Amino acid sequence: MNIEYFQAEKTTTHSLPMPNESNQPIVSVVIPTRNRPQIVVRGAKSALSQTLQSIEVIVIVDGPDRETVDALSQIDDPRLRVIELPKNLGPSGARNTGVREAKGTWIAFLDDDDQWFPEKLERQLELGNNSHYNFPVVVSRFVSVTPKGEFICPRRLPKPSEPLSEYLFVRKSFFKGDGCIQTSTIFVKKDLMEKMPLEEKFYRHEDWEWLLRVSAMEGVGIEFVPEAMAIWHSEMGINRLSNINDWKYSLDWIRSIRNLVTPKAYSGFVATIVSPSASSVGDWKAFFPLLWEVIRWGKLQPMNIFLYLTMWLIPPQVRQQVRSVLSKKAKT
């Protein structure tokens with residue numbers, strides 16, 4: 001394992017030589033982490049267990065964290081590199097650092113608390129190499145592990161002419177996960193990441209912002225592996241930024257990128273992502289301002305109004321019970 005310590009003035013590298021070091025890896029896996037040693041070890045091992053062998057796994061320890069570095073040092077694989085940053089940069093800054101250090105032609109992102117199925121990188125590399133896009137963004141379905149069970153997401157793939165923002169934010173049913181792209185499934189050329197790095201000022205929704213920004217570039221297109229290739233752990237008790245309830249941040253975020261989304265998508269985001277966060281903390285003062293946000297800046301859809309009222313007027317436990325019943329009926 002290679003361990004690199006990033007200092008303010010210089011970089012000190014403590015490394016073990018990689019076999020066939022002249023042969024550059026095809027794929028560089030980038031895993032940001034901080035203060036979760038056992039969880040990141042699980043994720044790193046799933047990356048190192050890929051059927052595609054020509055890879056490197058770069059774990060970016062986002063700030064001083066000796067326990068995590070020590071835990072990763074127990075993995076005996078020369079393809080693993082651990083870079084410990086002198087200060088916390090946040091998820092986007094950590095991932096951008098990993099991209100800059102990457103030696104591979106392709107970049108694959110993996111959140112530290114997620115896992116991959118063994119053929120994930122091999123399947124995505126094949127699809128990427130055969131894509132008609134100059135810069136394909138290859139993603140896949142994933143297994144969402146929740147306290148209520150395991151679900152395959154997304155339930156549907158984008159339609160050929162569907163705007164990406166509408167695919168991500170416009171729900172067409174009562175269920176979550178209709179259309180989505182998860183960070184741990186993103187597989188992209190390093191050249192594209194260098195042209196268009198992640199925006200480091202965002203500590204949440206940064207993956208969506210990046211996807212929306214690059215999808216507007218010439219030569220960029222989304223390619224989907226239709227099978228589930230990753231496992232997204234959303235169990236209770238695991239602290240992840242995507243679970244932090246901060247509806248005001250999410251509202252400010254969607255306002256700041258309004259030029260990247262359609263009016264339908266804007267309404268959908270406010271109605272189904274911002275408003276549930278506000279209602280879950282009982283912030284009833286936000287009811288009418290958020291409804292006005294949906295109407296003023298978005299394109300009103302009957303489903304958005306239905307979902308908006310549902311999020312506010314029906315308790316989360318009841319909504320979960322209804323979804324569970326409807327889901328079981330759909331499977332029978």
Can you list residue pairs whose Cβ atoms sit under 6 Å apart, with the first residue in the stretch 116-135 being farther than 27 Å from Val41 by Cα and assigned by TED's automatic domain parsing to the domain that holds Val41 and the second being surrounded by 15 or more Cβ atoms within 10 Å (Cβ to Cβ) and of a type in the set (D, E, K, R)? Count only pairs 6 or more apart in sequence or on different chains. Leu127/Glu223; Ser131/Glu223; Phe135/Lys189
Checking Asn88 against (1) more than 24 Å from Val214 (Cα to Cα); (2) among the polar types (S, T, N, Q); (3) part of a helix (DSSP H, G or I): exactly one of these is not met. Which one? (3)
Out of Leu157, Leu198, Leu168, Leu211, I need the residue that is surrounded by 20 or more Cβ atoms within 10 Å (Cβ to Cβ), in a loop (DSSP other than H, G, I, E, B) and touching a residue at least 24 places away in the same chain (Cβ under 8 Å). Which one? Leu198
Could you list, in sequence order, the residues of the stretch 25-64 that are buried (at least 17 other Cβ atoms within 10 Å of the Cβ), in a loop (DSSP other than H, G, I, E, B) and in contact with a helix residue (DSSP H, G or I) (Cβ under 8 Å, 6 or more places away or on another chain)? Ile26, Arg34, Arg36, Gln50, Leu52, Asp62
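For the stretch 66-75, does any single residue satisfy the condition of being surrounded by 20 or more Cβ atoms within 10 Å (Cβ to Cβ), part of a helix (DSSP H, G or I) and modelled with pLDDT of 95 or more?
Within the stretch 66-75 (the criterion being surrounded by 20 or more Cβ atoms within 10 Å (Cβ to Cβ), part of a helix (DSSP H, G or I) and modelled with pLDDT of 95 or more), the answer is yes, since at least one residue qualifies.
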State all residues of the stretch 114-148 that are part of a loop (DSSP other than H, G, I, E, B) and either at pLDDT 95 or above or buried (at least 22 other Cβ atoms within 10 Å of the Cβ) (or both); if no residue qualifies, say none. Asp114, Phe117, Pro118, Glu119, Asn130, Ser131, His132, Tyr133, Asn134
Suppose the filter is in a helix (DSSP H, G or I) and either within 21 Å of Pro302 (Cβ to Cβ) or touching a Leu at 6+ places or on another chain (Cβ under 7 Å) (or both); does Tyr203 pass it? no
For Asp246, state whether it is within 30 Å of Asp112 (Cβ to Cβ) and exposed (fewer than 14 other Cβ atoms within 10 Å of the Cβ). no
Residue satisfying all of: in the stretch 222-275; at pLDDT 95 or above and assigned to a loop (DSSP other than H, G, I, E, B); farthest from Arg204 (Cα to Cα) among these: Thr262
Scan the stretch 82-105 and give yes if some residue there is modelled with pLDDT of 95 or more, under 18 Å from Ile222 (Cα atoms) and crowded, with 19+ Cβ neighbours inside 10 Å, otherwise no. no
Does Asp191 fit the bill of being in contact with a strand residue (DSSP E or B) (Cβ under 8 Å, 6 or more places away or on another chain), in a helix (DSSP H, G or I) and either over 20 Å from Arg171 (Cβ atoms) or not charged (D, E, K, R) (or both)? yes
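The values are calculated or read from the model by the stated rules, or taken from the named source; none is laboratory data. If you're wondering where the values come from, they're calculated on a predicted model, not measured in any experiment. Cβ atoms come from the backbone with ideal geometry, glycine included; neighbour counts cover every protein chain shown.
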